[in-house]
Amino acid sequence: MIKQMFWVAMLLLLCVATSYGQYNGECWVVSNGDTVYKLYADGNADPQVIPNLPQASAAEVNPADGVVWIAVSAANTVYRYNPNTGDFLAIPDINRPNMVSINPADGSAWIAGYDAVKKVSGDGTTVTATIEAHEPAVAVNPKDGSAWITNARGPIARYDAAGNKLVDAPAMGEPKGVTVDYDGNAWIADSQHSVLMRVSASGQKLVEITDIPNPTSPRINLVDGSVWVVSQQSMLVNLTADGTKTTEVVEADGTVFPGFLAGRTIVAISVSPTDGGIWVADLVGGPAFQGEVSKWTKGGQQLFTNPIPQPSSVSVGHWTGN
């Protein structure tokens, strides 16, 4: 029944949809757990939306061609949507998918579900690798196709493009966030234990930070190599590759925080490779406390906001095209 409702909605959408053209820095947003919006680079919303997605958990865009992969947890399915042609393709049998990492070099997608990560070919037709892991997070490096995969109850490891394990990283308590740079170095976040760790492509610990409370949603800026992370669901923190904090807020009592306030309940961020701006999904932000998506400069200046109801995922891609 759920899948039938989904495809009815898709057919209605395709009857009125027009060609979107190529990707131009727009941001794809999951809203209210059942709707996907597209925001243009200036923050304005496209009039077309994708509705009736039960328990939609992520929408990740391939910046090379604008194709969007939408994870729908209730259907145990990920949908590959090409806005240039209007084509939808279902990738079934993925247990509660909640995260997608795209390799723009070949269009393939690494999809994290509840108990495994599956790599799917760029056309969405073939599962080419399956890696078992509990509540994993995944980040793929488009330079060589390798991927870092966390495991909330087991080892953190780097895998090659075929899904073969290359190396383990030092253990963490409950890692649930990861991002990777072009050299294969990864930042891994353990919000439960307030640990943020950078590891090399060979699995060596390079940096360990324990003074950023409850870090989540780490995202590398591939232009300058810095990393952004959310702290305590309200503050954005920027660090250089060696872990040096580059932004800070000083309270009236002299207390120093290593970042700037950017929301009330930040659940996800995405960093634009074109201008370094940070897109923020604030679950209960805005004047009506019903949620908003905002964009900020690296220095903490808010560029705009859009009142999107209960946004839980934002994606502007993560590849410069080099």
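A few remarks follow.
- Highest-first packing order for the peptide set 164-173, 129-138 is 129-138, 164-173, based on the mean count of other beta carbon atoms within 10 Å.
- Above-threshold pairs, the threshold being 20 Å between Cα atoms, out of LYS245/LYS298; LYS38/LYS245; LYS38/LYS118; LYS118/LYS205: LYS38/LYS245; LYS38/LYS118; LYS118/LYS205
- This model, with +1 at the C-beta of Lys and Arg and -1 at the C-beta of Asp and Glu, gives the chain a dipole about its Cα centre of some 380 debye.
- 3J(HN,Hα) from dihedral phi, the stretch 116-121, Karplus parametrisation 6.51/-1.76/1.60, rounded to Hz, x for glycine, proline: 6, 10, 10, 9, 10, 4
- Integer Hz, Karplus 6.51/-1.76/1.60 couplings in order for the stretch 283-291, x for Gly and Pro: 4, 10, x, x, x, 9, 6, 10, x
- Percent RCO, i.e. relative contact order, over the chain, from Cα pairs under 8 Å lying at least 6 residues apart: 12
- Dipole axis of the stretch 97-164 (+1 Lys, Arg; -1 Asp, Glu on Cβ), positive-most option in ALA129, VAL117, ASN151: ASN151
No value in this document is a laboratory result; all are computed from the given coordinates. Computed from a predicted structure; not experimentally measured. All Cβ positions, even for glycine, are placed from backbone atoms using ideal geometry, and neighbour counts span all protein chains on display.
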